Structure formats: structure tokens, C-alpha cells
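The values are calculated or read from the model by the stated rules, or taken from the named source; none is laboratory data. Since this is a predicted model, take the numbers as computed values, not measurements. With ideal geometry, Cβ positions are generated from the backbone for all residues, glycine too; neighbour counts draw on all protein chains shown. These accessible areas exclude ligands, DNA and RNA; they are computed on the full protein's heavy atoms, side chains included. Shrake-Rupley method; radii C 1.70, N 1.55, O 1.52, S 1.80 Å.
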Amino acid sequence: MKIAAALTLLGAMFAAPAALAQAGPDVELWRLDCGDFQVSDFAEFSDTHRYDGKPYALVDSCYLIRHGSDYLLWDTGISGDVLGKKVVDGAFTLTLKARVVSQLAQIGVKPTQIARVGISHYHDDHTGQLGDFAHATLLIGAGDFAAIKAGSASRPNWATLFKPWIDGTAKVDAVAGDKDVFGDGSVEMLGMPGHTPGHHSLLVRLRSGPVLLSGDQFHATESFAHDQVPTFNTDRADTLASIDRFKQIATNLKAKVVIQHEPADVAKLPAFPKSIR
Ligand SMILES: [Zn+2]
């Protein structure tokens with residue numbers, strides 16, 4: 001074979017995966033604004049005293065994923081009660097510009113069209129507006145759902161917040177390990193325990209390339225760069241193992257990493273109502 005012909009063949013071989021990607025499922029991603037946090041002392045985000053006394057500005061983000069005509073909402077932000085207020089909770093000052101349902105209305109999506117709500121973990125800043133989707137199937141880490149059902153003295157709101165899924169009015173998919181949400185590999189919950197027992201990140205394979213949504217595997221660019229473990233994580237060793245897995249997946253897939261609370265990272269995705277495919 002002549003060199004030119006060999007190069008043409010090689011070119012065709014490398015072009016093929018891109019052509020296949022073009023023919024993949026129709027997946028679209030929107031980033032929703034689910035609140036802002038001013039943290040006056042970031043100390044509890046490191047169990048090695050890296051952030052003692054330092055302030056940090058975080059955002060709260062949620063994500064709408066359309067797969068054909070099906071929708072998955074990933075995380076539900078801080079409580080809708082915060083709308084129009086400035087709520088101080090310890091080192092945190094919370095604000096919320098718009099509820100999830102009103103952002104969905106802007107793009108003509110009704111809450112009842114959201115058949116699946118996936119939450120990265122059970123913390124309040126990811127479950128605040130879950131009540132607006134009480135009809136949906138809840139996709140949640142099995143470890144987190146077990147903790148919710150067992151109840152917690154420090155989280156008395158769980159019984160009310162998760163009532164439809166605890167009493168069986170609405171369906172629950174308690175995910176152990178990974179979960180291929182639509183059965184075609186396009187959207188996958190990745191088991192990343194440690195922040196909470198059933199914490200998950202979300203991989204979304206768009207035609208433009210894969211996006212890896214962190215959940216709270218990391219809270220900030222700084223904590224990603226230095227593998228920091230918050231003091232309030234449920235398991236330090238699991239967290240470190242999940243950090244290792246997350247970073248290897250991101251590298252191997254050349255994924256766009258979006259740390260959900262990091263202002264610099266959410267800006268990697270278009271501002272709502274723009275989407276990415
Ligand atoms: Zn969070």
C-alpha cells in the first residue's frame with residue numbers, strides 16, 4: 001500500500017467514531033440556577049485545616065437532561081422558600097433568584113413532564129425543591145435512601161420531604177453502584193460514595209462530548225486540585241477512592257468536568273435558557 005493511501009485509510013478509521021457519535025441518541029443539557037452561597041468560613045470543606053478562616057463564594061446548580069422526549073432533572077437546589085430572601089445559616093448566606101419550576105416554564109417544560117428526578121445525595125441544597133416533583137420516579141443512591149428511611153434526628157425534614165417515596169405513593173429507584181438511566185449508555189449515574197453513603201456523580205454523553213457533573217464529590221476548583229475531604233463527609237476512605245475514580249473517568253473519557261458548586265465550572269456550560277447538545 002502506498003503511503004498516501006495508507007494515510008487516507010487511517011484518516012477514515014479515525015473519522016468513524018465521530019460519525020457514530022453524530023448518530024447517537026438525541027441528548028440535550030440545560031444548567032439551571034438553583035441558588036448562591038456565600039461561605040464566610042470554608043473551614044469545614046477540608047479535614048486538614050486547609051481553609052480555616054477563608055471565605056468562598058459557591059453557586060448551587062441543577063441540570064435538566066432531555067433524552068428524546070424524556071426528561072431527567074438532576075438535583076433540585078436549595079429550598080424555594082429562600083426565593084427573594086437572604087437566609088443566614090451558620091457560615092452560609094443563601095439566596096435564590098428563581099425556582100426550578102419557573103425556569104422550566106421558560107423553556108415550555110411542565111413539572112409533570114419530568115418523569116425522573118435524580119439526586120446526587122440527600123443534603124438540603126440538592127433536595128430543596130423535590131416537593132415540586134412528587135409524581136416523579138426518584139433516582140437516589142441506595143445508601144442514601146436507606147439513611148432517609150431510617151430517619152435522622154439532625155434532619156427532621158426528611159420524613160416530609162421524602163414522604164411520597166417513603167410511603168410508596170411515588171416510585172423510587174434506589175441505585176446501588178452505577179445506573180444507566182436510559183439504557184443506552186448516554187446518561188449514567190456513577191456510584192461515588194464517601195460524601196454520603198450513596199453519593200453519585202452523573203455522566204452525560206452529548207454529541208459535543210461527555211460532561212461529568214460532580215454532585216458534591218468536589219465543592220470547588222481548589223478542593224479538586226488538592227483532593228480535599230470535607231469534615232462532614234460520611235467516609236474519608238470512600239471519598240478518596242471516589243476522587244480517584246472520578247478523575248480517572250474524566251481523563252479517560254476527556255470529559256468536561258463541572259463541579260456543581262464552583263462558579264468557574266458551571267460557566268463551562270451555557271447560561272440558561274441556552275442548552276448544549
Ligand atoms: Zn452541595
task: Please find the FRET efficiency linking Lys268 to Asp26, where r is the Cβ-Cβ separation and R0 is fixed at 22 Å, and quote it to the nearest 0.05.
output: 0.55
message: Checking the a/c ratio against 1.5 first, then a/b against b/c, what shape does the Cα gyration tensor give for the stretch 162-218?
response: oblate
- prompt: With charges set only on the Cβ (+1 for Lys and Arg, -1 for Asp and Glu), what does the dipole of the stretch 109-209 come to about its Cα centre, in debye to the nearest 20?
  reply: 160
query: Counting alpha carbon pairs within less than 8 Å and at least 6 residues apart, what relative contact order, in whole percent, applies to the stretch 119-277?
result: 19
query: In sequence order, what are the phi-derived ³J(HN,Hα) couplings for the stretch 165-171 according to the Karplus relation 6.51 cos²θ - 1.76 cosθ + 1.60 with θ = phi - 60°, rounded to whole Hz, with x for glycine and proline?
result: 8, 6, 8, x, 4, 10, 7
statement: Filtering trypsin sites (Lys or Arg not before Pro) in the stretch 216-273 by DSSP loop and by at most 12 other Cβ atoms within 10 Å leaves Lys254
- request: Report the antiparallel proportion of the DSSP beta bridges in the chain as a percent, rounded to a multiple of 5.
  value: 75
- request: For the stretch 121-277, give the magnitude of the charge dipole about the Cα centre (Cβ charges: +1 Lys/Arg, -1 Asp/Glu; no others), in debye to the nearest 20.
  value: 440
- request: Starting from the residue with the highest accessible area, list Thr112, Thr93, Thr239 in decreasing order, probe 1.4 Å.
  value: Thr112, Thr93, Thr239
- line: In degrees, nearest 10, the alpha-carbon axis of helix 3-22 is tilted away from the dominant principal axis of the alpha carbons of the chain by 30
- line: SASA check, Tyr51, accessible area w/ 1.4 Å probe, all protein chains in place, rounded to nearest 10 Å², comes out at 10
- line: For the chain, the dipole about the Cα centre with charges only on Cβ (Lys and Arg +1, Asp and Glu -1), to the nearest 20 debye, works out at 900
query: Of the accessible area of the stretch 66-176, with the probe set at 1.4 angstrom, what percent is carbon plus sulfur?
result: 54
- prompt: Tally Lys and Arg at +1 and Asp and Glu at -1 over the other residues with C-beta under 11 Å from the C-beta of Thr76: what net charge comes out?
  reply: -4
statement: Checking Ser201, Ser154, Ser79 against a Gaussian network model of the chain (alpha-carbon springs below 10 Å), the top fluctuating residue turns out to be Ser154
query: Roughly how many whole Å is it from the C-alpha centroid of the stretch 53-67 to that of the stretch 189-227?
result: 12
message: Using the Karplus curve 6.51 cos²θ - 1.76 cosθ + 1.60 with θ = phi - 60°, what ³J(HN,Hα) values do you get for each residue of the stretch 105-119, in whole Hz, with x for Gly and Pro?
response: 4, 4, 10, x, 9, 8, x, 5, 6, 7, 7, 10, 10, x, 10
message: Of all beta bridges DSSP finds with both residues in the stretch 49-192, what is the antiparallel percent, to the nearest 5?
response: 50
query: In degrees from 0 to 90, rounded to the nearest 10, what is the angle of the helix 236-253 Cα long axis to the longest principal axis of the chain?
result: 30
message: Given a Förster distance of 41 Å, report the FRET efficiency between Leu253 and Asp41 from their Cβ-Cβ distance, rounded to the nearest 0.05.
response: 0.70
task: Excluding residues on the same chain fewer than 8 positions from Lys256, give the lysines whose Cα lies under 22 Å from its Cα.
output: Lys179, Lys247, Lys268, Lys274
message: Per residue, how large is the accessible surface of the chain? Use a 1.4 angstrom probe and give square angstrom.
response: 45
- prompt: Looking at Ala237, Pro273, Pro263, which one has the Cα that reaches farthest to the positive end of the dipole of the stretch 237-277 (charges on Cβ: Lys, Arg +1; Asp, Glu -1)?
  reply: Pro273
query: So what are the ³J(HN,Hα) numbers for the stretch 86-93, from phi and the Karplus equation (6.51, -1.76, 1.60; θ = phi - 60°), rounded to whole Hz, Gly and Pro as x?
result: 10, 9, 9, 9, x, 7, 9, 10
message: I need to check one value: relative contact order of the chain, counting alpha carbon pairs closer than 8 Å and at least 6 residues apart, in percent.
response: 19
message: Quick query: amide H of Phe37 versus all other amide H atoms, modeled in the peptide plane; which residues come in under 5 Å with a sequence gap of 5 or more or a different chain?
response: Leu58, Val59, Asp60
- request: Describe numerically, in nm with one decimal, the distance between label points set 7 Å from Cα along Cα→Cβ at Asp124 and at Asp52.
  value: 2.7
